[in-house]
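Novice: Got a structure here, written out as structure tokens. Questions coming.
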Amino acid sequence: MNNQSALDQALIPALAERKAANLYRARHLLESPQTPNVIVDGKNYLAFCSNDYLGLANHPDVISAFKNAANNFGIGSGASHLVAGHSQEHHALEEEIAAFTGRDRALLFSTGYMANLGAITALVGQGDAVFEDRLNHASLLDGGLLSGARFQRFLHNDLDNLQTRLQKTEANRKLIVVDGVFSMDGDCAPLPELAALAQKNNAWLMVDDAHGFGCLGKNGGGSAEHFGLTQNELPILMGTLGKAFGTFGAFIAGSETLIETLIQFARPYIYTTAMPPAIAAATRVSLRLVQTESWRREHLQQLITHFREGAERLGLQLTNSTTPIQPIIVGDEVKTLAISAALAERGILIVAIRPPTVAAGSSRLRITFSAEHTLTQVDDLLSALADIFFQWSLSPLTLSKSMERPPID
Ligand SMILES: *Cc1c(COP(=O)(O)O)cnc(C)c1O
């Protein structure tokens, strides 16, 4: 009757359901580097939605380090780290990250997703228990589920709820896992209290600092530096390199024994091609810039304060965040898409974040700042928001026909 295969026929209902619920996602074409001024689908936008918090993704020194290393080492690493792909650039970066984080050793992973899957599954399994904050990143939740350990989610940043769960468990190994900075809300985990709770209950603490590393701490050492947590207090530290560091990849840092355990048992480490050595070489330059150009963190903090003061004057509801992640929680998917579309009409790019990335009814505009933004650009954002929310209070925005495929999704 039609030319749909049996496979397509089986897949179509779930897609239709997503569309009907306004949860369908579409990709858009980025035709420029990742900077505040981007070209997307042929149009210029002022963007507030990258994770390039320090503005290093397009830094000339990082780019030339990449080019030089490509000339010296080629592009592909050609093998996994354990076979023949562990280049001297990877090794040097691992040593520099270990020194920077004050840990015995660091181990590079090809992505943060893999670092989380690899570490959690190597550390816990059947007979053990893993305790995760409800708002943890998907890769941490997936790692916990894949591990085969008893998987428990505790209420967001709720130490009492966690303590109750820790008391009840009879598991052998107990692993507590949290985001250092929560990716969709921008708030921080209470790490000193979590470290104390872990010690009291003979549990291990793992922190995913994807959004803190580079941004927090006097030298950009992230949540661990910000709270002054040693390797003993925070034994499993994960960070990513594709956000504030502006490159790609991730690491786990900790004791000699932890790192050797991951090399032997973390399957997403063992069974994958090592990242290109030129990425490691570029990241070594990023690491130097993160430490030496502290003005990037200072300017970022200025932008955040400026935005929060302006948004509060407009009566916008902000989260309890002091980081570059400053979401405006709208709630309803359709409204969130409509605001994102109205911003796009004014030349501002902010993605609507919807379930399942966030909980049902908590769709939001996830606004993020970069050290490359100017105060004037933050003012432009504030006046566009003022404009839209003012209009909206006169006549509620609805999703018009032209917005059915949201310009930015
Ligand atoms: C982005 C992110 C990851 C995944 O890192 P990739 O290197 O992009 O795979 C993991 N955890 C958190 C909290 C993240 O925001």
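Novice: Does PHE227 satisfy the criteria of being within 11 Å of the ligand (Cβ to nearest atom), closer than 27 Å to GLU293 by Cβ, modelled with pLDDT of 95 or more and out of contact with any strand residue (DSSP E or B) (no Cβ under 6 Å at 6 or more places or on another chain)?
Specialist: Working: within 11 Å of the ligand (Cβ to nearest atom): no; closer than 27 Å to GLU293 by Cβ: yes; modelled with pLDDT of 95 or more: yes; out of contact with any strand residue (DSSP E or B) (no Cβ under 6 Å at 6 or more places or on another chain): yes.
Judged against the criteria, PHE227 is not a match.
Novice: Another one. As an exercise: evaluate ALA281 against (1) more than 16 Å from the ligand (Cβ to nearest atom); (2) under 21 Å from the mean Cα position of the chain (by Cα) and give the number of the one condition it does not meet.
Specialist: The failed condition is (2).
Novice: Okay, next question. Among residues belonging to the stretch 94-138 that are within 15 Å of the ligand (Cβ to nearest atom) and either among the acidic types (Asp, Glu) or in a loop (DSSP other than H, G, I, E, B) (or both), point out the one that is farthest from LYS168 (Cα to Cα).
Specialist: For the stretch 94-138, the residue satisfying everything is SER110.
Novice: Can you pull out the residues in the stretch 364-409 that are at pLDDT 95 or above, of a type in the set (S, T, N, Q) and assigned to a helix (DSSP H, G or I)?
Specialist: Within the stretch 364-409, THR376, GLN377, SER383 qualify.
Novice: Within the stretch 313-338, which residues are of a type in the set (A, V, I, L, M) and within 20 Å of ASN37 (Cα to Cα)? Outline the logic, then answer.
Specialist: Restricting attention to the stretch 313-338, the residues satisfying the condition of being of a type in the set (A, V, I, L, M) are 314, 316, 318, 325, 328-330, 334, 337-338.
Matches in the stretch 313-338: ILE325 only.
Results for (1) surrounded by fewer than 20 Cβ atoms within 10 Å (Cβ to Cβ); (2) more than 16 Å from the ligand (Cβ to nearest atom); (3) at pLDDT 95 or above, shown as yes or no for each residue.
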position	(1), (2), (3)
SER183	no, no, yes
GLY186	no, no, yes
LYS200	yes, yes, yes
GLY220	no, yes, yes
GLN231	yes, yes, yes
THR240	no, no, yes
GLY249	no, no, yes
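Novice: Could you count how many residues in the stretch 154-181 are part of a strand (DSSP E or B) and within 11 Å of the ligand (Cβ to nearest atom)? Explain how you work it out, then say what you get.
Specialist: First pass over the stretch 154-181, keeping only residues part of a strand (DSSP E or B): 154, 174-179, 181.
Filter again for within 11 Å of the ligand (Cβ to nearest atom), leaving 177-179, 181.
So the count comes out to 4.
Novice: Pairs please, first residue from the stretch 204-221 and basic (Lys, Arg), second anywhere and surrounded by fewer than 24 Cβ atoms within 10 Å (Cβ to Cβ) and modelled with pLDDT of 95 or more, Cβ atoms under 9 Å, 6+ apart in sequence or on different chains.
Specialist: LYS218/GLU225; LYS218/HIS226; LYS218/SER294; LYS218/ARG297
Novice: When you look at VAL130, is it crowded, with 24+ Cβ neighbours inside 10 Å and within 28 Å of PHE48 (Cα to Cα), yes or no?
Specialist: On the way: crowded, with 24+ Cβ neighbours inside 10 Å: yes; within 28 Å of PHE48 (Cα to Cα): no.
For VAL130, the condition - crowded, with 24+ Cβ neighbours inside 10 Å and within 28 Å of PHE48 (Cα to Cα) - is not met.
Novice: How many residues does the stretch 71-105 contain that are among the hydrophobic types (A, V, I, L, M, F, W, C), within 24 Å of the chain's Cα centre (by Cα) and crowded, with 16+ Cβ neighbours inside 10 Å?
Specialist: Residues flagged as among the hydrophobic types (A, V, I, L, M, F, W, C), within 24 Å of the chain's Cα centre (by Cα) and crowded, with 16+ Cβ neighbours inside 10 Å within the stretch 71-105 amount to 4.
Novice: From the list SER64, SER50, exactly one residue is part of a loop (DSSP other than H, G, I, E, B) and surrounded by 12 or more Cβ atoms within 10 Å (Cβ to Cβ). Which is it?
Specialist: Numbers: SER64 fails: part of a loop (DSSP other than H, G, I, E, B).
It is SER50.
Novice: Filter the stretch 202-218 for residues that are within 16 Å of the ligand (Cβ to nearest atom) and in contact with a Ser or Thr (Cβ under 9 Å, 6 or more places away or on another chain) and give the result. Give the derivation first.
Specialist: Filtering the stretch 202-218 for residues within 16 Å of the ligand (Cβ to nearest atom) gives 205-216.
Once the filter is applied, which keeps residues that are within 16 Å of the ligand (Cβ to nearest atom) and in contact with a Ser or Thr (Cβ under 9 Å, 6 or more places away or on another chain), the stretch 202-218 yields VAL207, ASP208, ASP209, ALA210, HIS211, GLY212, PHE213, GLY214, CYS215, LEU216.
The values are calculated or read from the model by the stated rules, or taken from the named source; none is laboratory data. Nothing here was measured: the structure is a model prediction, and the numbers come from that model. All Cβ positions, glycine included, derive from the backbone under ideal geometry; neighbour counts span all protein chains shown.
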